[in-house]
Protein chains: 2
Amino acid sequence: MSDETKLEVRGPIVKFREPQIEMAHGAGGKASRRLVEGLFAPLLFGSQRQPLNDAAHVSIDGARMAITADSFVVKPLVFPGGSIGELAVNGTVNDLAVSGARAEIMVVTFVLEAGLSTVTLQAQIQAMADAAQKANVRIVGGDTKVVEHGKADGMYITTTGIGGLLDGIEVDARSVHPGDCILLSGPVGDHGITILLARGDLDLEGDLQWDTRSILPLVDAVARAAGSGVRWMRDPTRGGVATSLNELARDCGMGMVLFEDAIPVRDGVRGACELLGLDPLHIANEGQFLAIVSPELANAALTALQSTPGGEEARIIGEIRDEPAGAVLVTTLYGGSRIVDMLVGDPLPRIC
Amino acid sequence: MSDETKLEVRGPIVKFREPQIEMAHGAGGKASRRLVEGLFAPLLFGSQRQPLNDAAHVSIDGARMAITADSFVVKPLVFPGGSIGELAVNGTVNDLAVSGARAEIMVVTFVLEAGLSTVTLQAQIQAMADAAQKANVRIVGGDTKVVEHGKADGMYITTTGIGGLLDGIEVDARSVHPGDCILLSGPVGDHGITILLARGDLDLEGDLQWDTRSILPLVDAVARAAGSGVRWMRDPTRGGVATSLNELARDCGMGMVLFEDAIPVRDGVRGACELLGLDPLHIANEGQFLAIVSPELANAALTALQSTPGGEEARIIGEIRDEPAGAVLVTTLYGGSRIVDMLVGDPLPRIC
């Protein structure tokens, strides 16, 4: 009953000194990390140095498995290409996948707002059922609460997924080495910018859409092609690629170098980011993942990804180096370079 | 991966025809049942006849275990004798206990309201940590989201618990027989009335308080004393004792007779119920449970309960009969009798 992956985190101990919770604490960047490492982890996990993993590996009765939980508070409930129900299933499937596990069962709870139309609710339950069937996950139970009108943006959904471990891969920041390649499964920022435009708060229009999806087939392809060459994976949701890689840099104590011209970004995402002064590397993604793969197997992993449906736009976007230790450097199109930090503040609230 | 307890529910198929969600759909009574059986179950579980169990029994890699999930939306966050954090841990431990399982690990997610004070949050995280330690449960992971000020009543907490099965007992409505005794672990209604008074909406005062607690030691005592004589257990939370027993009556097709003078009710609860026109059997409980035990082992189970700290007020409150099939009859102090139905409507919103 006690063998979840524990890393010794090498970064500084974080203190949580803010007097109250702000939106930024939910945005997945530095403020979120302060909240988790400075308040939740010391009290709940008995350690200030618990890494922020997507899923915990545990064993019950001798069976090893992975478990993950997420609450979804996306607004609007339905956006071009997806909806909260789909996202709630696929987000959990994907957190398990990047921890090296195949989702098998799921429990779901709903906090519903009084006055929510049955048609809206039914559509989201159906979306969950469809996504679960597609991902081959069984929903085995759940709970429903109702809160007063005005309290819950229609609905909040929480999903917990449990799955068995994939054979032959071990996701562990300690196994990352200089020279390892950084793979990305597809274009960055589509999900975050799609939600931003769908909210209509900004006077921007675009024809972006992003289908939430299970990345398990893509993770499976990488695992089959590169096996023990797969060092680490993560789905760069809140806080984007930059935050995920900064967390890894901090956890493994090494540096990351990204080649800007190798990072796939759609024109619509690039345009919106330029207008708004955002970095696409900070925009949230769903249905994409980062994989660190040993150099001799990186091309095999890339080929496997690109030949799996939905992985055609995968790229090797950078590599692990000794320096800059604990940081992420982007070499730009024009030969320069810049450090990209974790997300600070909250440019895109409520995207998952 | 596929052997959760499935009962063939004998009652009528429920349809969900309401155009929108109302508070009553979260109150745990008839409206909740219509929502779950008429909308959630057919879409998510592929069946309109899934029973409403506290936890699902599944196996992963050959290991059998129980899993349960609950969202907690109680208002106020702190009430005399307890708080949302304690409740979130103990409620999940207790749902596992009455399904015949010992909680081992837990994942927790928070939806926080922007503007929530850190002091308030920290107190609830500490309450969770303390309750988890007391119940010998490890919290292995979680997630935090933040929503705008005005939403989420400070915080909503969702907990998922997983545990191994207790040896020697099998909780199954199909095993209930006429003549079996109905045990109750302590007084009814303390939690619901405590919350009601703490909300201060009503011009009532009382000195009631109710400490939320893990019932696993009490369930353990019953399991050791009565073993395979334990047919069925449930913690009668939302909807109270009357709703839980009506659900059992429906699931097993038999009748229940309760002896009103044997049901423990504190004076403060009885007084508040009389003033408000409520039936104590409809008031929510936390930290109590019902057990159906075969007649030859019922006294042993009762003695074991009463000699376990916190079980001193346990009673045998009734028995299973062939008639009235599918219903719950209460024989009153004065020799009369009345049918007690499931909770209808929502007299006590947001109690868990």
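Worth a mention:
- Within the shell of other residues whose beta carbon sits under 11 angstrom from the beta carbon of A:His191, the net charge comes to -2, with Lys and Arg scored +1 and Asp and Glu -1.
- Alpha carbon centroid spacing (whole Å) that separates the stretch B:218-293 from the stretch A:51-118: 34
- Pairwise label distance in nanometres, A:Arg17 with A:Glu313, each label 7 Å out on the Cα-Cβ vector: 4.2
- Computed lengthening from B:Glu148 to B:Asp207, 0.36 nm per intervening residue step minus Cα-Cα distance: 17.7 nm
- Shape call, the protein assembly as shown: gyration tensor on alpha carbons, a/c limit 1.5: prolate
- The charge dipole of chain B, taken about its Cα centre with unit charges on the Cβ atoms of Lys, Arg (+1), Asp and Glu (-1) only, comes to about 620 debye.
- With both residues required to sit in the protein assembly as shown, DSSP beta bridges show an antiparallel share near 80%.
- Beta bridges from DSSP with both residues in the stretch A:192-332: antiparallel share about 65 percent, rounded to the nearest 5.
- For peptide B:112-121, the mean count of partner chain Cβ atoms within 10 Å of a residue's Cβ comes to 5.
- Neighbour-limited loop hits for chymotrypsin sites (Phe, Trp or Tyr not before Pro), the stretch A:248-352 (at most 11 other Cβ within 10 Å; DSSP other than H, G, I, E, B): A:Tyr334
- Selection from A:Thr237, A:Gly227, A:Thr194, by position along the positive dipole direction of the stretch A:173-339 (Cβ): A:Gly227
- In terms of distances greater than 22 angstrom between alpha carbons, the cross-link table entries A:Lys15/B:Lys151; A:Lys30/A:Lys151; A:Lys75/B:Lys145; A:Lys15/A:Lys75 yield A:Lys15/B:Lys151; A:Lys30/A:Lys151; A:Lys15/A:Lys75.
- Contact order relative to length of chain B, as percent, for alpha carbon pairs under 8 angstrom and 6 or more apart: 23
- Positive contributions from Lys and Arg (+1) and negative ones from Asp and Glu (-1), summed over other residues with Cβ under 10 Å from the Cβ of B:Asn285, come out at -2.
- Look at the stretch B:147-153: the mean tally of other chain Cβ atoms within 10 Å of its residues' Cβ atoms is 6.
- FRET E, pair B:Glu170, A:Asn136, Förster distance 25 Å, beta-carbon r, rounded to 0.05: 0.30
- Label positions at A:Ala123 and A:Arg64, each projected 7 Å from the Cα along the C-beta direction, are separated by 4.4 nm.
- Formal net charge of residues neighbouring A:Ala301 (Cβ-Cβ distance under 13 Å; K, R +1; D, E -1): 0
- Spin-label pair B:Ser337/B:Glu296, simplified geometry with 7 Å Cα→Cβ offset, distance in nm: 2.7
- Selected from B:Asn285, B:Asn136, B:Asn246 as most flexible by GNM, with chain B as the system and alpha-carbon contacts under 10 Å: B:Asn136
- Residue among B:Gly310, B:Gly318, B:Gly335 with the largest mean-square fluctuation in a Gaussian network model of chain B, springs linking Cα atoms under 10 Å: B:Gly335
- Residues in the protein assembly as shown average 35 Å² of solvent-accessible surface per residue, probe 1.4 Å, ligands and nucleic acids excluded.
- Of all DSSP beta bridges in the stretch A:53-165, antiparallel share, percent nearest 5: 75
- Carbon and sulfur %, accessible surface of the stretch B:173-339 computed with the full protein complex present, 1.4 Å: 48
- Buried accessible area, chains A and B (both chains, 1.4 Å probe, Å² to nearest 100): 6700
- Listed residues B:Ile215, B:Ile316, B:Ile21, most fluctuating in chain B (Gaussian network, C-alpha, under 10 Å): B:Ile21
- Counts of other chain beta carbons within 10 angstrom of each beta carbon in peptide A:14-20 average 3.
The values are calculated or read from the model by the stated rules, or taken from the named source; none is laboratory data. A quick note: this is a predicted structure, and the numbers were derived from the prediction, not measured. Cβ sites come from the backbone with ideal geometry, for glycine too, and all protein chains shown count toward neighbours. Side chains included, ligands, DNA and RNA excluded: accessible areas come from the protein's heavy atoms. Shrake-Rupley method; radii C 1.70, N 1.55, O 1.52, S 1.80 Å.
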